[in-house]
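For reference, the structure is listed below as structure tokens.
The values are calculated or read from the model by the stated rules, or taken from the named source; none is laboratory data. Bear in mind the structure is a predicted one, so any value in this text is a computation, not a measurement. Positions of Cβ are generated from backbone atoms using ideal geometry, with glycine treated the same way; all protein chains shown enter the neighbour counts.
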Amino acid sequence: MPSDRRHTLKRRSAVGLLVLAVLIAGCARHAPRAAAVDLAKLPWDSVVARAKGTTVVWRMWRGDPAVNAFVDHWAAPRVLAEYGIMLQAVSGQGNELVDQLTIEQEAGARTGTASLLWINGETFGALRTRALLDGPWSAVLPSAALVDSASPIISRDFEQDPAGFESPWGTVQLALIYDRARTPQPPQTVAELVAWIRAHPGRFTYDQSFAGTTFLKGVLYALNGGAGTYAGGFDSAKYIAGRTRLFALLDSLEPSLWRQGTQYPPDVAALHRLFANGEIDFSISNNQNEAITKAMQGVIPATSRALVLRDGTIANTHYLGIPFNAPNAAGAMVVANFLLAPGAQLEKQRPTVWADGTVLRMDKLPAEWRLRFDSVLNDPRLVPSDSLRAYARPEVSPRYHERLQDDWRRMIR
Amino acid sequence: MNASSRHARTVVVPLLMAGTLLGVPILVSIGYLVAGALGWVGNTSSGAVGRMLTDTAVWRSVMLSLWIATAGTAIALIGALMIALLFGRDRRLDRLAQRVAALPLPVPTVATAVAVLLLLSQSGWLSRVAAQMHLITTPAQFPALVYDPWAIGVIVAVVWKELPFLLLVALSLQSLRGSALIDAARTLGATPWQATRTITLPLLLRGMAPSIVAVFVFVLGSLELPLVLAPSSPLALPMLIQERRQALGADSHADAYAIALIATALALSTALLHEKLRSDA
């Protein structure tokens, strides 16, 4: 009996100590964190000095191995060597970020886990509205002076003003992808595309997620007098008028689409697969350069080419933000600056790496950099950059994207 | 040390601990689902449950997911039973069958889904064989077995994934039970089929009931299979939940929670039905 009681006493004390330790750890006070908005007022050297030897957790979309390779194997080692910062990229995008930060905000967590976020569009809008982003800070980055801030694609994020709360990182433009071997004379405008679809029933479709909706938005602009019609915030009446015309066209096209328009592939990956396997003759991508990068990866045929419709396709920019409770805002600012610098922008643009467009303005760069960028863009399979710029159309209020996606799911799918 | 405190230590305490470890997370998640659906958390409006119960898209998804789970589980069950009855008698064959049945088990669901896609899509392996045999000339002529409204591809993947599991359960039940009852029935003049029908099958089904329910509920809530193989119209229930969850309008979140609550209610009813049948029998 005595040994049993001692045994029980020991076990109870152990459990008690464990519970006490957990409580103490939970109540631990963290050192006060420096906010990016305050660091932005300091000289840049002192921000770099503060960041040295620290870790930056970066929440980003991890769905593309090419992007992951660029971040993990090119950017991270260089950031470590040059600034002594350990860069850890983890998964997190869109709604997830908004939700998690909202929960942290409501719980009063003054220090979160992530210091850097990869965001744009609706996500930026949601974070800004709820005051979940730190800032303004992006204008103090040394490389910010090189950004093409006159471009309407970069200076406005889905019509929202970044206002220094997010730093631009890259741009992409939507394009169709076709196979030169199968379709030597592809359609060049929306009207020609519609005629092509009717002449080749069952050989065209679009996906249910982001790329498909962006493609439909471009067609919406083309049918309703251009992107300018929808500039200046969300207008419900304009939206419904435009949607009626768009959906009437889609309804009339339905019998000529893949599977008679009764089924749609879930995402861009499935769309690429149907294209590569010869079930359909066009694929779509938010990044015009995927025609090359995916061909290099063997996902689509080597004879694939990008096609930007002359009525214009949507171009947009993606950015980096710092959450309100970032534990290492200094490190995040240094990493954002590194990624904005010409070296990283050039590497990112290589077709063998990622082929993501640069946000830098060429005439603000020294001549040697201009030559380097030109040589990277000089691939005959790519859409020439002046055509790209001529046909680029900006994003409008994120509400249009939301409503179009919802209504398409309700009424067309 | 008297009997009651020994009983406490060896039975009640572990039971309480297991109950807490398993029960608390389940109660917390269901609690959060309810709170989300009613709009108590997450900045959303209330009334989502009512909206979802009257939304035809939700019911179409429910019917599709129920169809996939029922057809998939039924076919896997019938296949498992047939193979178990054929191979279960002989001890060596039984051992071999158990080993073979265990092989596909570690394969992740997503891998099975992709394998079915590669096999059965209109540009997949079967289609190419048909083209080589000059039965078809274009991919569109091959029947639509994936992304189709009857979810044939998903059901094939479900059977591929779950038949081995159910087979293992059936085989182990058979070998445990032994042949005493069958021998007695045969002595009394029953034909092999009668013996199987009145003794073996009911015993197997009763023993397998928890596994059948587990398979059914798992398939009902599985996201990976519809993600790769299922149609876009109607949309499988887990896909619908994910879509609403990731949509940016605040109302959609509450919708997602409400639909998830409906899905949980479906799963719970299946388990309760099983309990009721078991206690009736």
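Observations, loosely collected:
- For residue B:48, the criteria (1) in contact with a Gly (Cβ under 7 Å, 6 or more places away or on another chain); (2) within 14 Å of chain A (Cβ to nearest Cβ) hold in every case but one, which is (2).
- So residue A:143, is it assigned by TED's automatic domain parsing to the domain that holds residue A:60, among the hydroxyl-bearing types (Ser, Thr, Tyr) and surrounded by 17 or more Cβ atoms within 10 Å (Cβ to Cβ): yes
- Matching residues in the range B:222-281 - criterion: being facing chain A (nearest Cβ under 9 Å) and outside any helix (DSSP H, G or I): B:230, B:231, B:232, B:233, B:235, B:247, B:248, B:249
- Checklist (1) in contact (Cβ under 8 Å) with a residue 12 or more places away in the chain; (2) of a type outside the set (A, V, I, L, M, F, W, C); (3) away from every other protein chain (no Cβ under 12 Å) applied to residue B:148, failing item: (3)
- Positions within the range B:186-212 being in contact with a helix residue (DSSP H, G or I) (Cβ under 8 Å, 6 or more places away or on another chain), loosely packed, with under 14 Cβ neighbours inside 10 Å and of a type in the set (Ser, Thr, Tyr), in sequence order: B:198
- Residues of the range A:192-216 that turn out to be buried (at least 17 other Cβ atoms within 10 Å of the Cβ), hydrophobic (A, V, I, L, M, F, W, C) and under 18 Å from residue B:232 (Cβ atoms), as a count: 4
- Qualifying residues in the range A:237-268 (those that are without any contact (Cβ under 8 Å) to a residue 12 or more places away in the chain and not in a helix (DSSP H, G or I)) - the one farthest from the other protein chains (Cβ to nearest Cβ): A:262
- Checking each residue in the range B:264-281 for being within 15 Å of the chain's Cα centre (by Cα) and of a type in the set (Gly, Ala, Ser) picks out B:267, B:269, B:271.
- Taken over the range A:269-291, the criterion of being part of a helix (DSSP H, G or I) and within 21 Å of residue A:393 (Cα to Cα) is satisfied by A:290, A:291.
- Residue within the range A:180-191 that is out of contact with any helix residue (DSSP H, G or I) (no Cβ under 6 Å at 6 or more places or on another chain) and surrounded by 20 or more Cβ atoms within 10 Å (Cβ to Cβ) present: no
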